[in-house]
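Accompanying notes for the structure given below.
Derivation of every value follows stated rules applied to the coordinates shown; laboratory data play no part. As the structure is a prediction and not an experimental result, all values here were calculated from the model. With ideal geometry, Cβ positions are generated from the backbone for all residues, glycine too; neighbour counts draw on all protein chains shown.
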Amino acid sequence: MAAHFKGSFLILLVLFSVSLKAQDDKVTSGISAFEKGAYEEALFDLEQALSYPEELHPENVTRAYYYRALTRLGLIRQAILFNDHEMMSKYELAFLEVYKDLISARENDDGSLKEKITFQLNDLYNGLLQDGMRAVNLGSDQQKNGTDPSGAFKLAENYLTAALTIRGTYLAHDLMAQVLSGQGHDHAALEHFEISIVLYKKERPGKPDFLMAYVFYRKALIERYTLDKPALALFTLQEGQQFMEGEYVRWELVKTMAEPADADKEERKYQLALADLKNFELDLLMSLPEEYDQALKRFEETIDESPANYDLLVTYASLLEHSDINRAIETYILAINLDDGKELAYFNLGVIYYSHGKQFYEQAGAESDEFRYLELLAKAKANFEISQPYFEKAMEINPDSEEAMLALKNIKIILGLFDP
């Protein structure tokens with residue numbers, strides 16, 4: 001009986017050794033196929049080997065993961081080189097799979113492949129970041145269009161988590177913050193925005209990245225609407241503007257090295273990003289009564305820089321209505337002279353004179369002195385008559401304006417009361 005057991009054990013041992021060799025042979029043949037550029041064959045052999053990693057020699061576990069990573073890289077790069085859409089679709093998650101294989105290789109490595117694995121991970125970083133960025137943009141577009149962005153944001157999170165384990169950069173933290181914000185995790189997003197700003201300032205790229213303005217912008221959005229701290233958001237926006245001005249100084253030192261078309265593109269990018277920061281700042285200033293004087297000052301400074309900005313003039317005029325109605329009217333007229341094809345300045349002027357007319361009309365109704373009554377009535381009529389063509393012009397530009405239509409209807413009724 002003992003002899004029979006011993007014989008069975010020896011048979012099992014031999015079979016196990018054969019199995020081990022067969023699995024190890026798959027690693028060897030997979031590596032050989034990879035080196036010949038036969039990536040599909042290499043991937044098949046290496047996946048077969050890794051289907052039972054416990055049957056591999058420890059050294060071959062590391063090699064199998066490492067070369068499967070390189071094989072997938074070869075396949076996706078081949079697909080891109082030959083613009084093979086079917087192949088690109090098949091291996092669309094290749095960078096994530098490569099990352100997982102390299103991490104598994106590192107975990108099983110005895111040190112012999114350490115430098116090569118580290119090199120490949122660093123080389124993989126840009127691919128992970130770019131795929132993460134694409135997924136972020138897809139999620140943002142879906143969110144704007146009212147479709148479910150959760151799948152795109154989850155994919156972006158996977159890419160960016162992988163990228164951040166390789167290297168923490170300002171761009172990776174900015175993108176991760178956008179993902180978290182899109183998923184409704186604003187507090188966690190805020191931390192990544194803050195890290196992004198710190199990292200950028202610590203190791204500024206050779207060429208300024210003016211899109212960093214939107215890190216400040218998005219951070220301020222969370223502070224304003226999630227934290228409900230408009231003053232903190234205001235500080236962030238002003239910090240962002242100072243940051244941008246400093247980056248522009250750096251840009252002036254290097255822009256002569258850029259192609260003229262690229263330099264123009266960067267200039268436009270800077271101007272647009274700075275304008276977005278300033279416009280958000282002005283919106284915040286308008287919402288904070290205690291900052292009214294500062295808001296006026298900032299508007300005046302901004303208008304001096306952009307005197308031909310219709311929207312800026314109209315917004316400034318609406319702010320002036322609270323303190324200097326005559327300057328508000330003058331500013332609306334400036335806006336109309338700048339662009340007489342937009343309705344808002346006409347409509348707001350109509351509202352100003354309509355409100356004055358209504359105020360005089362109500363005062364007349366409460367007046368007992370006949371002379372004073374007629375005087376107030378005349379002022380009411382004069383203001384209603386001035387407001388009417390402004391509303392008519394607004395209606396001409398936007399026939400669907402219910403507000404202008406209702407105002408004109410009321411004016412005609414009121415002016416009809418003055419007719420004998």
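Just order 281-291, 140-150 by mean Cβ neighbour count inside 10 Å, highest at the front, would you?
Packing order, densest peptide first, comes out as 281-291, 140-150.
Of F391, F82, how do they rank once you tally other Cβ atoms within 10 Å and put the fewest first?
Ascending number of Cβ neighbours within 10 Å: F82, F391.
Could you list M212, M133 so that the one with the fewest beta carbons within 10 Å of its beta carbon is first and the one with the most is last?
So the residues, fewest neighbours to most, are M133, M212.
So what is the relative contact order for the chain, in percent, with contacts set as C-alpha pairs under 8 Å and at least six apart?
With pairs under 8 Å counted, the relative contact order is 6 percent.
Got a sec? How would Y248, Y217 order by Cβ neighbour count within 10 Å, fewest to most?
Ascending number of Cβ neighbours within 10 Å: Y248, Y217.
Under a Cβ-only charge scheme (Lys and Arg +1, Asp and Glu -1), can you give me the dipole magnitude of the chain about the Cα centre, in debye to the nearest 20?
1400 debye
How large is ³J(HN,Hα), in whole Hz, for each residue of segment 335-345 in order, when computed from phi with the Karplus curve 6.51 cos²θ - 1.76 cosθ + 1.60 and θ = phi - 60°, using x for Gly and Pro?
Residue by residue, segment 335-345 yields 5, 5, 4, 6, 8, 8, x, 10, 8, 4, 5 Hz.
Angle, helix 260-287 long axis vs. longest principal axis of the chain, Cα atoms, 0 to 90°, nearest 10?
Tilt of helix 260-287: around 60 degrees.
Given a cut-off of 25 Å, what percent of all Cα-Cα pairs of segment 320-420 lie beyond it?
24 percent
Can you give the convex hull volume per residue for the Cα atoms of the chain, as a whole number of Å³?
That works out to 245 Å³ per residue.
List the lysines whose Cα lies under 17 Å from the Cα of K229, skipping any in the same chain that are fewer than 8 positions away.
K219
Which value, to two decimals, describes the C-alpha radius of gyration of segment 106-184 once divided by 2.2 N^0.38 Å?
Dividing the Cα Rg of segment 106-184 by 2.2 N^0.38 Å gives 1.28.
After finding the eigenvalues of the alpha carbon gyration tensor for segment 93-225, what semi-axes result from the square roots of 5 times each, listed largest first in whole Å?
Equivalent-ellipsoid dimensions as semi-axes: 28, 19, 12 Å.
Can you tell me the order of 117-124, 409-416 when each peptide is scored by its average per-residue count of other Cβ atoms within 10 angstrom, highest first?
The most tightly packed comes first, giving 117-124, 409-416.
Which order do the peptides 257-270, 162-175, 393-406 come out in when sorted by mean C-beta neighbours inside 10 angstrom, highest first?
Taking the mean over residues of other Cβ atoms within 10 Å, the ranking is 162-175, 393-406, 257-270.
Let me check I've understood the local charge: for Q142, count other residues with C-beta under 13 angstrom from its C-beta, Lys and Arg +1, Asp and Glu -1. What total comes out?
+1
In whole angstrom, how far apart do the alpha carbon centroids of segment 318-372 and segment 185-204 sit?
46 Å
Just add up the charged neighbours of D123: K/R +1, D/E -1, any other residue whose Cβ is under 12 Å from the Cβ of D123.
Neighbour charge sum, excluding D123 itself: +3.
State, to one decimal in nm², a quarter of the convex hull surface area for the C-alpha atoms of segment 12-112, i.e. the direction-averaged projected area.
For the Cα atoms of segment 12-112, the hull's average projected area reads 6.6 nm².
With just the Cα atoms defining each centre, how far is segment 256-294 from segment 87-146? Give it in Å.
The two parts, judged by their Cα centres, are 34 Å apart.
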